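Structure first, then comments.
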Amino acid sequence: MANFKTPILISALGKNASSTISRLAFHTPYGLVVEETADGVFDVRLSNPPSNSEQATKSNPSQPGYRYYFWPDYQLAFVFYELDWAGNPEDESHVDDEVLEERYGKVWFQALDDWVKRYEQAFEREDCKPDSHEALFPDPTDRLAWDLDRVLLAAWLALQPGVDSVEVQDDGGRKELLLEKEGIGETLGTYLRGL
C-alpha cells in the first residue's frame, strides 16, 4: 500500500466536463505548495519562508548557490553536492544529515529522513544487494509514492534561497529532472502529468 506521508492531496479542485482529469493541489508539511491552475499550469511555491537557514543569508552573495542532486545510495547518502560547482564546498560529495538539518530546518529534514527510511526498509525487506537493481518496491503504487515524495522534497529544496538547482537522478545515477527556480512549475507539471 502506498504511503503518501510527505505530500498531502488537499483537493481535486474540479473536473473538466469532457475529461476525467482533476486539477490537483498538494501542500506538504514542510511548506511546499503545488497547485494546478484552471488553465493547466502548475503553480509551485513555498507557503512559508525558511526559518533557520544559512543559505538565506549566505556569507558571499556574489557566489552561485548550492547545486545538489538526489540519488539513492543505500546506507550512504541520498543528497549530494554537484562536484566542481563553484557554489559547493570543495572535495565534498555527499551532504551530511547534520548540515541538511541545520541549513534547511527540522521539518523538511524529518520528511527527507522518512523518505530515506522508506527506501532503506524496502531495500532490506526485498533483500536487495547493492548494485543489484532488483525491484525495491514490487508494488508500483509504493514506488510511485516514493518517487513523488522524492521530487517534492527536491522541488522544495530548489526553491530555497541560496540554492541554484537540484537534480533528481534515478537508481542508476541518470538525470531524471533538473529543478531550478525559474521554470519549476513547468518541469514539475510535466513530471506530474507523466505519472
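The values are calculated or read from the model by the stated rules, or taken from the named source; none is laboratory data. No experiment lies behind these values; they were computed from the predicted model shown. Please note: Cβ atoms are built from the backbone with ideal geometry, for glycine as well, and neighbour counts cover all protein chains shown.
Structural remarks
- Given (1) in a strand (DSSP E or B); (2) surrounded by fewer than 19 Cβ atoms within 10 Å (Cβ to Cβ), index of the condition Gly173 fails: (1)
- In the stretch 138-170, the residues that are of a type in the set (S, T, N, Q), surrounded by 15 or more Cβ atoms within 10 Å (Cβ to Cβ) and more than 11 Å from the chain's Cα centre (by Cα): Gln160, Ser165
Residues checked against (1) among the polar types (S, T, N, Q); (2) within 23 Å of Trp146 (Cα to Cα); (3) at pLDDT 90 or above; (4) touching a His at 6+ places or on another chain (Cβ under 6 Å):
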| site | (1), (2), (3), (4) |
| --- | --- |
| Phe42 | no, yes, yes, no |
| Asn48 | yes, no, no, no |
| Lys58 | no, no, no, no |
| Pro64 | no, no, no, no |
| Tyr68 | no, yes, yes, no |
| Asp73 | no, yes, no, no |
| Asp97 | no, yes, yes, no |
| Arg103 | no, no, yes, no |
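- Top-ranked residue of the stretch 119-131 - restricted to ones that are modelled with pLDDT under 75 and surrounded by 12 or more Cβ atoms within 10 Å (Cβ to Cβ), ranked as farthest from Val79 (Cα to Cα): Glu126
- Only one entry in Thr28, Thr6 is modelled with pLDDT of 90 or more, surrounded by 18 or more Cβ atoms within 10 Å (Cβ to Cβ) and under 21 Å from the mean Cα position of the chain (by Cα), namely Thr28.
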